[in-house]
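Structure record follows, encoded as structure tokens.
The values are calculated or read from the model by the stated rules, or taken from the named source; none is laboratory data. Everything numeric here is computed off the predicted structure, so don't read it as measured data. With ideal geometry, Cβ positions are generated from the backbone for all residues, glycine too; neighbour counts draw on all protein chains shown. Accessible surface is based on the protein model in full, side chains and every heavy atom, while ligands, DNA and RNA are left aside. Shrake-Rupley method; radii C 1.70, N 1.55, O 1.52, S 1.80 Å.
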Amino acid sequence: MKNKKNIFAGENAVRDFLNPGALGPLPVVELPKSLNPFHEEGVRIFIKLMQFVPLSNIKSFPAHAMLSALSKEKLSRTKNLVEYSSGNTVLSLTILGRHFGIPNMHAVITPDVPLHKKRLLQLVGANLLISHGPPSPDVWAEAGGVYEAKKLGEKSGWHNLHQYINPANQKAAEEHVGKEIWKQFGAKLSVFMASIGTAGTIAGAGPYILKKNSKAKIWGTAIESGSSVPGPRGESAIHKLAFPWEKCVHEVIAVDELCSFRASLDLIRQGFFVGPSTGMQLSGINKKIREYKRKGKLDELRNKNGEIVVCFVACDTMFPYIDDYFSVLPEKLFPKIKDLS
């Protein structure tokens with residue numbers, strides 16, 4: 001329902017406000033030349049600010065969709081949600097779950113989750129359960145955090161939404177990412193880019209865009225082996241996922257943590273308050289466009305207007321990861337603190 005004045009009132013005001021689709025199409029902004037080294041080649045790079053929702057992260061869309069898909073009977077019987085996640089999915093489900101009548105959220109996490117992320121989840125009221133399985137478990141394996149969350153969800157009064165296989169995850173991306181981007185760009189879009197975590201975003205938005213324009217390219221980013229970036233999966237772990245992302249993705253670009261955090265820092269300093277998984281996408285775009293240019297294949301990406309229009313998605317803000325920027329990036333990138341005494 002459209003809310004032209006953006007006033008949320010009445011008994012369900014907060015729940016209506018927290019519906020990530022309530023604010024209408026989210027903004028798309030073209031990057032300045034300083035962040036686009038290929039501007040002279042007719043490349044235009046746009047960022048879709050998916051974090052411009054009340055909970056400030058893209059995972060609020062599938063979280064709301066998964067909760068909305070539960071029957072009234074299931075909601076009334078559920079007192080505990082449990083999910084394998086140490087980030088935005090749990091954050092979103094913790095808050096949204098309360099407004100759907102589910103008082104408790106339990107996050108199954110691994111021991112390597114840093115203290116500041118644990119505290120963020122505790123801040124919103126999530127209960128943390130430590131799993132000693134692998135950090136990126138196979139979705140179908142009968143071991144590890146995904147499986148443990150599934151088994152806990154079978155207890156009376158508990159429910160595991162299982163974001164890795166829940167069709168509402170993929171559907172939310174089609175509705176709020178794919179359809180919005182198509183309305184905003186139409187056939188002008190040359191490339192859609194997203195990082196691969198659960199693969200819900202790219203497997204939901206990608207096929208919709210290709211259905212509308214089969215000439216568009218879908219690119220995904222994964223973490224380069226040996227690196228660590230919060231949110232997405234590693235280049236080997238993406239093949240353990242359930243959503244059929246491989247059917248729509250033309251290129252997977254591996255990006256390391258240094259490039260991800262540095263690109264995120266560049267975006268932050270231009271006024272885009274985005275996290276490292278968003279920086280990972282910009283770094284991947286630059287890497288792939290550079291490759292196309294080196295091979296003399298840029299024209300393959302041009303639309304009917306002769307431009308190459310690339311759109312990637314901002315997943316969340318930089319605020320949950322501030323300590324990480326200072327541990328990953330060189331000290332020289334940050335202004336020094338001076339004592340005036």
Once Rh for the chain is found with the Kirkwood sum over Cα pairs, what is the Stokes-Einstein diffusion coefficient at 25 °C and 0.890 mPa s, in µm²/s? 119 µm²/s
Plugging the Cβ-Cβ distance of Phe100 and Glu246 into 1/(1 + (r/R0)^6) at R0 = 25 Å yields, to the nearest 0.05, a FRET efficiency of 0.15
Against the longest principal axis of the chain, how steep is helix 115-124, in degrees 0 to 90 to the nearest 10, with axes from Cα atoms? 60 degrees
Under 16 Å from Lys287, Cα to Cα: lysines that are on another chain or at least 8 residues apart: Lys217, Lys295, Lys297
Over the heavy atoms of His176, what accessible area does a 1.4 Å probe trace out, to the nearest 10 Å²? 50 Å²
So, for the chain, what is the accessible surface per residue at a probe of 1.4 Å, expressed in square angstrom? 48 Å²
Distance from the range 1-55 to the range 243-260 (C-alpha centre basis), Å: 23 Å
With a ≥ b ≥ c the root eigenvalues of the C-alpha gyration tensor of the range 51-131, is it rounded (a/c under 1.5), prolate (a/b larger than b/c) or oblate? oblate
Of Lys151, Lys72, Lys48, the most mobile residue in a GNM of the chain (C-alpha springs, cutoff 10 Å) is Lys72
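How much length is gained on full extension from Lys4 to Leu298, taking 0.36 nm per residue of separation minus their Cα-Cα distance? Don't jump to the answer; show the numbers that get you there.
Values: separation 294, 0.36 × 294 = 105.84 nm, distance 4.19 nm.
Computed gain between Lys4 and Leu298 is 101.7 nm.
Classify the range 167-251 from the C-alpha gyration tensor, please: rounded if a/c falls under 1.5, else prolate or oblate depending on whether a/b exceeds b/c. Provide the component values of the computation, followed by the final result.
On the way: a/c = 2.11, a/b = 1.69, b/c = 1.25.
In terms of gyration-tensor shape, prolate.
Kindly state, to the nearest 0.05, the FRET efficiency for Ser71 paired with Ser156, given R0 = 25 Å and r defined as their beta-carbon distance. Please report the intermediate quantities before stating the final value.
Values: r = 17 Å, r/R0 = 0.67.
E between Ser71 and Ser156, to the nearest 0.05, is 0.90.
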In degrees, nearest 10, the alpha-carbon axis of helix 200-212 is tilted away from the dominant principal axis of the alpha carbons of the chain by 50 degrees
Using only the heavy atoms of the protein chains and a 1.4 Å probe, how would Trp158, Trp140, Trp245 rank by accessible area, largest first? Trp140, Trp158, Trp245
What is the extension gain from Ser228 to Glu30, computed as 0.36 nm multiplied by their sequence separation minus the C-alpha to C-alpha distance, in nm to one decimal? 68.5 nm
When DSSP assigns beta bridges and you keep just the ones with both residues in the range 30-168, what percent turn out antiparallel, to the nearest 5? 10 percent
What is the spin-label model distance, in nm, from Phe52 to Lys336 if the labels are put 7 Å beyond Cα along the C-beta direction? 3.9 nm
Please work out the FRET efficiency for the pair Arg269 and Gln122, using the Cβ-Cβ distance as r and a Förster radius of 35 Å; give the result to the nearest 0.05. 0.70
Tell me which residues come under 5 Å, amide H to amide H, from Met50 once H is placed; ignore anything under 5 positions away on its chain. Ala314
